[in-house]
Amino acid sequence: MTALDVPAQVEGEQGPVSGLALVPRGPQEQKPADYRSDQEVRWCPGCGDYIILSTVQSMLPALGLQKENLVFVSGIGCSSRFPYYLDTYGMHSIHGRAPAIATGLAVARPDLSVWVITGDGDALSIGGNHLIHALRRNVNITILLFNNRVYGLTKGQYSPTSNQGMVTKSSPLGAPDAPFNPVSLALGAEASFVARALDSDRKGLAEVLVQAAEHRGAALVEIYQNCPIFNNGAFDILKAPGSERHLVKLTPGEPVGLGELDDQGRHSHLVVREGGRLRVATRSEADPGQVLIHDPGDPDPTTAFALSRLSAQDLSHVVTGVFRAVSRPAYDDDVRRQGENASKASPPDLEDLIFDGDVWSVPSPRGARA
Amino acid sequence: MNTEQIDRIVVRFAGDSGDGMQLVGDRFTGQAAAFGNDLATFPSYPAEIRAPQGTVHGVSSFQVHFASSDILTPGDAPDVLVAMNPAALRANASDVSVGGVVIVDPDEFTKRNLAKAGYASDPLSDGSLAHLTVHQVTMGALTLGTVSELGLGRKEALRCRNLFALGILSWMYGRPTEVVEDYLREKFAKKPLVAEANILAFRAGWNFGETTEMFAVRYEVPAAALAEGTYRHVSGNAALALGIVAAGWVSGMKVVLGTYPITPASDILHELAKHKNFPVLTIQAEDEISAVGAALGASFGGALGVTTTSGPGLALKSETIGLAVMAELPLLVVDVQRGGPSTGLPTKTEQADLLQAMFGRHGESPVAVVAPSTPADCFDAALEAARIAVTYRTPVILLSDGALANGAEPWRLPVLNELPDIRPDFSTEPNAPDGSGTHWPYVRDDETLARAWAVPGTPGLQHRIGGLEKAADTGAISYDPANHEHMVRLRQQKIAGISVADLDVHDPSPATTQTLILGWGSTYGPIQEACRRLAARGVPVAHAHLRHLNPMPANLDEVIARYERVIVPEMNLGQMALLLRGRGATNLISHTQVTGQPFKAGDLEVAFLAHMEGAAA
Ligand SMILES: Cc1ncc(C[n+]2csc(CCOP(=O)(O)OP(=O)(O)O)c2C)c(N)n1
Ligand code: SF4
Ligand SMILES: [Mg+2]
């Protein structure tokens, strides 16, 4: 399949349309190894990027696509080397601009599953503008934001997600910047799909990635990624024993809870609504009527936003899973639909276009008046 | 009443930006086209959308030059100026040729309006216009009197004044009237009363000319003997947009335009947005970096990625153009140059982005550069730029400018089946010469050095490209010193080897001419006109005009060497002259102007003579 004979449009089905609706499905069985390229992987030993790569390679067969219809576009950073290691089409572009490039590709080619690989510096510093606009427009792309809270590739300067006060080579007296919360930012930018996952949680990450790929429109997945060289252990609190007290895993339709499980499989703590806010309460003190039941499809992003801020930078209560998944028109579908409707209304004809308007011939019959 | 036959006339309409000067200028142009004259136009807008009324800053004008022979420029100086208010007179009177005609509305010359325009005394009575023939026509009052029967409000009625003025001019030059009336009926189809009022005002202006004894003569400018063909009146930006659509058509590629609005390039977006049926997909991005990124992403997907901008935007796009150089993907970058640096003169013209286009990127980052020479030529130049982009898998910068963008002329419409075939020839089979059955994206065509281009979706040819240096052939990342040396030279060689037409020289007497005028871009018209005038005075000079700025034509050095001196006129401080000197030319005279205005043929004529005499002395 080439650019010239791509399928037409997502026809007006009811309900959410898959992000992959126009991408040809492959008949053959695939194995994770099929997605491995011939390039030697060159991250530092122990880098969280390895496990994310292997999780992605393991989940891609589940999408049932053909390898040639996947494209990974990245910016610049350690994480942005990712496309080289996948046997799909890919572009390792320039710092911060991957969402812009992916937008053009997605508009031109509805038959591709287009992914963006980016880092916290790439997406939120130099590329912040492109990221928010891709989300606002709801371009049908899947964005994986590898957040290690540091600039890895340039050897350890603080990033827009670093802790305030973080000591690095560029901030020997502590970083003066206040950080972004990427999930809050995405929700504020009108994102229709926002999720968060941990590099070490292969199962949780894989689940979120499948949903993100299947989402029609822009999907942002923030992945907490460990950089053992420049920000080692930044997320250890979420991986060490006792982490269940800090980790909230969202399940649609279920109460939002955390902490140890009792013998009935119920969390020790619950998230409750209180005075227009969310709060973590013990099961015994929680008013059952106020316990938050997760609804990623809520058209109003307010609750998702509150969830994204259950704790600040300190990771005391980190929410993972899908915050928001709502259906709204994808930008690229609309752009193409305008073109198709225009073509139907007036089939393209170069001759008509050029010989349009006040056209005259020489020798001109009208000129003869002179 | 006498009717005098003349060969050409230059008319300028000037008024407040809300006075509808562009509209009547455009209609007057349409009349000349319908009549069969050759013509060229030059609109001039203030940078502010609605500058304070009645001030010199708010003056907008439209100049039309029409003739019975072929002409090349919108004219140096107006023979007739219609000035709707004192500010318009003040801003334009000094341009009018000696003995020229000025038409003004005396009712507008109130104390308040004179003060707003910055006049200390009334120019209608202080003798400052003694060298001109001034006709005072109470256009406002006459228009009000005419349209009052329709019951329009005073403000709306007065808005038809511009059509009254057009009526006078139409009478004076025996212009066809139906084209104007038809246009008004169509434009105001939803407001029949307004259409009616405008038509009445237009006819009243005509009748005023017919009945008053104010004007001693009428003029006739016979139709021009243009080359046989079908014509249409076109502006540079419109022609450029149509060239892009045509490039999509003949390449069989979808056009994807990524752009961000900027004067004077926005009209290309506006025009392309009307042709989504081709399909032309337009993306109004959040900034120029995103715009060029989207275009490049579309190119990666096998579409014809196009981005349009002006100088400040080109600066923002430079990093992505560098990526396109490295990734060796087609990308059409249109820069409609305006006065710089910084915001500079956004609505004026200049050619000062040449070196930015050539070298404004980091690293050795060669791209092809093409420049159209007239508004209609923008169509062919866009096609040529697309041909190079697709054939050689390279970014191409198309350097238009404000004068071409908004200027207009008759366009001899192309014969469609003679347009070039620029289909991209995508790879469909693995090409690795080692027989491994894989695809090597940097294997090249022996002749063009263009790399194999496999678009996503092609089974078995999956590969990754990007900004890191590529190993020759395989396209894998390579940090090898010898490979980098090889690749830098190869990219340069690919651009240098683009096949471009030889430079044509118009030389009236090749055996004796010693001076060549070598121009590029929008200076074509004034240079050619100046050369004609010199030839008519018995001073033959040759003219050659560069369309391909990178690579330059193969015979260029030989052409330059043929002449004793080569004058290079440019609307910058000598950027082309610098490039030519870099090729070793030692007989160059750089002639430059940076007023934000196009060259005037008369000024060039004088300057060329001076340079020739200076050189001879
Ligand atoms: C225009 C530009 N500016 C700066 C750089 C240098 N640079 C490369 S990656 C990077 C930061 C990467 O940080 P992040 O996006 O967090 O990725 P990580 O390496 O942590 O995965 C910087 C500043 C560049 N390549 N290009
Ligand atoms: S510097 Fe950090 S992020 Fe980069 S590869 Fe090494 S461990 Fe990974
Ligand atoms: Mg980082």
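The values are calculated or read from the model by the stated rules, or taken from the named source; none is laboratory data. What you see is a predicted model, and the numbers here were worked out from it, not measured in a lab. Glycine gets a Cβ as well: all are built from the backbone with ideal geometry, and neighbour counts include every protein chain shown. Areas reflect the complete protein model, heavy atoms only, side chains present, ligands, DNA and RNA absent. Shrake-Rupley method; radii C 1.70, N 1.55, O 1.52, S 1.80 Å.
Assess whether B:Pro192 counts as being without any contact (Cβ under 8 Å) to a residue 40 or more places away in the chain, away from chain A (no Cβ under 14 Å) and within 21 Å of B:Gly402 (Cα to Cα).
no
A:Asn140 - would you say it is part of a loop (DSSP other than H, G, I, E, B), away from ligand 1 (no atom under 16 Å from the Cβ) and among the polar types (S, T, N, Q)?
Yes, satisfied.
Taking the criterion of being farther than 21 Å from B:Ser400 by Cα, assigned to a loop (DSSP other than H, G, I, E, B) and either modelled with pLDDT of 95 or more or assigned by TED's automatic domain parsing to the domain that holds B:Gly340 (or both), would at least one residue in segment B:266-277 satisfy it?
Checked segment B:266-277: at least one residue is farther than 21 Å from B:Ser400 by Cα, assigned to a loop (DSSP other than H, G, I, E, B) and either modelled with pLDDT of 95 or more or assigned by TED's automatic domain parsing to the domain that holds B:Gly340 (or both).
With the structure loaded, tell me whether B:Ala577 is assigned to a helix (DSSP H, G or I), open to solvent by less than 10 Å² (accessible area, probe 1.4 Å) and touching a residue at least 40 places away in the same chain (Cβ under 8 Å) or whether it fails that test.
Taking the combined requirement at face value, the residue does not satisfy it.
For segment B:512-535: of the residues being of a type in the set (A, V, I, L, M) and touching a strand residue (DSSP E or B) at 6+ places or on another chain (Cβ under 7 Å), which is farthest from B:Ala371 (Cα to Cα)?
B:Leu516
Here's a check for you: in segment A:62-88, which residue that is in a loop (DSSP other than H, G, I, E, B) and within 8 Å of chain B (Cβ to nearest Cβ) is least open to solvent (accessible area, probe 1.4 Å)?
Only one residue fits best here, namely A:Thr88.
Any idea which of A:Leu144, A:Leu105 is away from chain B (no Cβ under 14 Å), surrounded by 24 or more Cβ atoms within 10 Å (Cβ to Cβ) and touching a residue at least 12 places away in the same chain (Cβ under 8 Å)?
Answer to the selection: A:Leu144.
Please work out if A:Asp122 is within 14 Å of another protein chain (Cβ to nearest Cβ), in contact with a Gly (Cβ under 7 Å, 6 or more places away or on another chain) and farther than 21 Å from A:Ala197 by Cα.
Here the answer is no, as A:Asp122 does not meet what is asked.
In this structure, is A:Ser80 within 13 Å of ligand 1 (Cβ to nearest atom) and of a type in the set (S, T, N, Q)?
Yes.
Scan the helices (runs of 4 or more DSSP H) fully inside segment B:9-126 and keep the ones with 1 or more residues being more than 27 Å from B:Pro375 (Cα to Cα) and open to solvent by 10 Å² or more (accessible area, probe 1.4 Å).
Correct list: B:86-92, B:111-117.
Scan segment A:89-104 and give yes if some residue there is modelled with pLDDT of 95 or more, within 14 Å of ligand 1 (Cβ to nearest atom), under 21 Å from B:Thr474 (Cβ atoms) and part of a helix (DSSP H, G or I), otherwise no.
The answer is no, given that none of the residues of segment A:89-104 is modelled with pLDDT of 95 or more, within 14 Å of ligand 1 (Cβ to nearest atom), under 21 Å from B:Thr474 (Cβ atoms) and part of a helix (DSSP H, G or I).
Looking at segment B:277-302, which of the residues that are β-branched (Val, Ile, Thr) and facing chain A (nearest Cβ under 7 Å) is surrounded by the most Cβ atoms within 10 Å (Cβ to Cβ)?
B:Ile283
What number of residues within segment A:150-160 are part of a loop (DSSP other than H, G, I, E, B), within 8 Å of ligand 1 (Cβ to nearest atom) and more than 14 Å from chain B (Cβ to nearest Cβ)?
Selection size over segment A:150-160: 4.
Taking segment A:220-255 only, how many residues are away from ligand 2 (no atom under 16 Å from the Cβ), open to solvent by less than 50 Å² (accessible area, probe 1.4 Å) and under 20 Å from the mean Cα position of the chain (by Cα)?
Here the count works out to 4.
How many residues are crowded, with 19+ Cβ neighbours inside 10 Å and assigned to a helix (DSSP H, G or I) if we restrict to segment A:26-50?
Residues in segment A:26-50 being crowded, with 19+ Cβ neighbours inside 10 Å and assigned to a helix (DSSP H, G or I): 3 in total.
Looking at (1) in contact with a Gly (Cβ under 7 Å, 6 or more places away or on another chain); (2) in a loop (DSSP other than H, G, I, E, B), which is the only condition B:Leu226 fails?
Against the list (1) in contact with a Gly (Cβ under 7 Å, 6 or more places away or on another chain); (2) in a loop (DSSP other than H, G, I, E, B), B:Leu226 comes up short only on (1).
Does segment A:148-163 contain at least one residue that is within 12 Å of ligand 3 (Cβ to nearest atom), of a type in the set (Lys, Arg) and either open to solvent by 50 Å² or more (accessible area, probe 1.4 Å) or at positive phi (or both)?
So far as segment A:148-163 goes, yes, one or more of its residues are within 12 Å of ligand 3 (Cβ to nearest atom), of a type in the set (Lys, Arg) and either open to solvent by 50 Å² or more (accessible area, probe 1.4 Å) or at positive phi (or both).
Being modelled with pLDDT of 95 or more, more than 14 Å from chain B (Cβ to nearest Cβ) and in a loop (DSSP other than H, G, I, E, B), is that true of even one residue in segment A:9-16?
Taking every residue of segment A:9-16 in turn, none turns out to be modelled with pLDDT of 95 or more, more than 14 Å from chain B (Cβ to nearest Cβ) and in a loop (DSSP other than H, G, I, E, B).
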